[in-house]
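Read the structure below first, then the notes.
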Amino acid sequence: MTLRIEQIHHVAYRCKDAKETVEWYGKMLNMDFVLAIAEDRVPSTKEPDPYMHIFLDAGNGNILAFFELPTKPEMGKDPNTPEWVQHIAFKVKDRETLLAYKEHLEKNGIEVLGVTDHSLFHSIYFFDPNGHRIELACPDPEEEEKLKKLDAVKWEMLEEWSKTKRAPKHADWLHAKELGKKVDA
C-alpha cells in the first residue's frame, strides 16, 4: 500500500462570531453554509469547553471551517509573524471574475489591496470580520509554462536558500517586469 494524501478535508480557523462569519462568507464570497457542530466537550481531548464549529463550502470539495470559542480569551495573532504571511487563498476562474469580486467587495465596504501581479497568478487581498487575511487569486494566461520553468529549478532554489537564507536568483524573471529589469526567461 502506498501512503498518499488525497486532498485537504478541511482547514479550521477561529472566529469571533459564528453567525457573523457564516453570513459574511455567504454575502462576500458566495460560500454555502454546509454544517454546524456544537458541543460542550472537545471530542479528541475530552476537555469541557463549549464551542460552535461551522463549515463552509469553498468549492471542489474544499471546506473552510471555523470555531467560535466563547470561554477562551479573545483571539490574538502571532506578534512575530507579519500580517501578510498568514492568509487563506482561494482560486477564482479568471481575471474577469477577480475584478468582479474586487468591485463587489469594495461596494460592500471592504478595503481591497491589489490586483497584485505575481507573474504565475494575480491576486487581491482583504480581511474577513475575524481579522484573517484573505486572498483571491486567478491564474495568469501563461501559468502552465511558467510553472514548468519553476519546477525545473525548485530543488536548486531550496538548497541554496537552505544554505544562505537569501533569495536565490533562479526565478528573477517572475518580477523583472515590475522592477524594470530585463532578465532572460
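The values are calculated or read from the model by the stated rules, or taken from the named source; none is laboratory data. Worth saying up front: this structure is predicted, and the values here are computed from it rather than measured. Glycine also receives a Cβ, built like all others from the backbone with ideal geometry; neighbour counts cover every protein chain displayed.
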(message) Of the conditions (1) in contact with a His (Cβ under 8 Å, 6 or more places away or on another chain); (2) buried (at least 16 other Cβ atoms within 10 Å of the Cβ); (3) assigned to a strand (DSSP E or B), residue 12 satisfies every one except a single condition; which number is it?
(response) (2)
(request) From the list 64, 35, pick out the single residue that is modelled with pLDDT of 95 or more and in contact with a Leu (Cβ under 8 Å, 6 or more places away or on another chain). (result) 64
(request) Could you pull out every one of the strands (runs of 3 or more DSSP E) wholly within segment 19-114 that has 2 or more residues that are over 16 Å from the mean Cα position of the chain (by Cα), loosely packed, with under 15 Cβ neighbours inside 10 Å and not polar (S, T, N, Q)? (result) 33-41, 48-57
(request) Might you check whether a residue that is under 30 Å from residue 121 (Cα atoms) and not assigned by TED's automatic domain parsing to the domain that holds residue 131 occurs anywhere in segment 34-43? (result) yes
(message) Condition first: surrounded by 16 or more Cβ atoms within 10 Å (Cβ to Cβ), free of Cβ contacts under 8 Å to residues at least 24 places away in the same chain and within 30 Å of residue 17 (Cβ to Cβ). Now tell me which residues in segment 116-149 satisfy that.
(response) 126
(message) Any residue at all in segment 69-80 that's in contact (Cβ under 8 Å) with a residue 12 or more places away in the chain and under 22 Å from residue 9 (Cβ atoms)?
(response) yes
(message) Kindly evaluate residue 17 against the criterion of being farther than 15 Å from residue 110 by Cβ, touching a Pro at 6+ places or on another chain (Cβ under 7 Å) and charged (D, E, K, R).
(response) no
(request) State the number of residues belonging to segment 27-62 that are without any contact (Cβ under 8 Å) to a residue 12 or more places away in the chain and among the small types (Gly, Ala, Ser). (result) 1
